[in-house]
Amino acid sequence: MKPLDFPSVLSEIKDVLTERQIIVSITSPVQIEMLERAVPSRIAKIIPSITHSVQSGASLCIYGSRIEPEDRLLLEQLLSSISTPLIIKEEQTRIASDISSCGPAFIAFILQRWAETAVEMTGIDRADALYLGSQMLLGTGKLLTEGGLSPEELQRRVAVPGGITAEGIAILDSGLQDVFSKLINATHQKYNEDLDKLDKLFSEIQNEQ
């Protein structure tokens, strides 16, 4: 369901909703306060990731004012079977989603470009390049989680001063200076545009009631 569909859908189902029910939204721009104004139910916002399909990644949990401790326990027990639940503040939803939910697509895009350039410049088989990159990402993720290394420590372990990896990091450092600030600005701008539209739609529905 698209974010702008929420007000009309909630209007359709409002009569069958009760205070005992839990509504879980998985759409980041739809604010909990908007939903609590519209329906009597308990509200939680859970932002998933495609990584859950392989029982990995973090699920972002934001809880409304009506959610009870037992509701949180129930939801987090369910989520734990496919992910690692992480409770965040609602104002952190966009940036957290950028990393946990949009991140797999961003990283896959980088890997695709890297592999395609490698094929073009060196003649390596594309499937081999993608396989090597995918296995590298898997191992890197494990080093940063199960291995207990920080990004800085991992770089120090791999990049010998004056070596090949250090030369590569220097190129990345120069080329990526503005990339992530531009990325975050773009995702936040779209998010804020959606928030404004949703706020107007929910206000119109409240005024009609």
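Residues in the stretch 10-32 that are part of a helix (DSSP H, G or I) and under 21 Å from Ile67 (Cβ atoms): 5 in all.
Look at the stretch 118-130: where a residue is closer than 19 Å to Ala108 by Cβ and assigned by TED's automatic domain parsing to the domain that holds Ile107 and a partner is of a type outside the set (Lys, Arg) and not in a helix (DSSP H, G or I), sitting 6+ places away or on another chain with Cβ atoms under 7 Å, you get Ala118/Ile124.
From the list Lys197, Lys190, the lone residue that is basic (Lys, Arg), more than 28 Å from Val54 (Cα to Cα), surrounded by 11 or more Cβ atoms within 10 Å (Cβ to Cβ) and touching a residue at least 40 places away in the same chain (Cβ under 8 Å) is Lys197. Out of all the residues in the stretch 70-84, is one or more outside any loop (DSSP other than H, G, I, E, B), under 24 Å from Asp199 (Cβ atoms) and modelled with pLDDT of 95 or more? Scanning the stretch 70-84 turns up no residue that is outside any loop (DSSP other than H, G, I, E, B), under 24 Å from Asp199 (Cβ atoms) and modelled with pLDDT of 95 or more.
Taken over the stretch 33-54, residues that are in a loop (DSSP other than H, G, I, E, B) and among the basic types (Lys, Arg) amount to 0. hydroxyl-bearing (Ser, Thr, Tyr), closer than 30 Å to Ser25 by Cβ, exposed (fewer than 12 other Cβ atoms within 10 Å of the Cβ) and not assigned by TED's automatic domain parsing to the domain that holds Gln31: does that describe Thr145? So Thr145 passes the test. Within the option set Arg20, Arg72, being more than 28 Å from Gln189 (Cβ to Cβ), exposed (fewer than 15 other Cβ atoms within 10 Å of the Cβ) and out of contact with any helix residue (DSSP H, G or I) (no Cβ under 6 Å at 6 or more places or on another chain) holds for one residue only, Arg20.
The values are calculated or read from the model by the stated rules, or taken from the named source; none is laboratory data. The model shown is predicted, which means the values in this text are computed figures rather than measured ones. Glycine also receives a Cβ, built like all others from the backbone with ideal geometry; neighbour counts cover every protein chain displayed.
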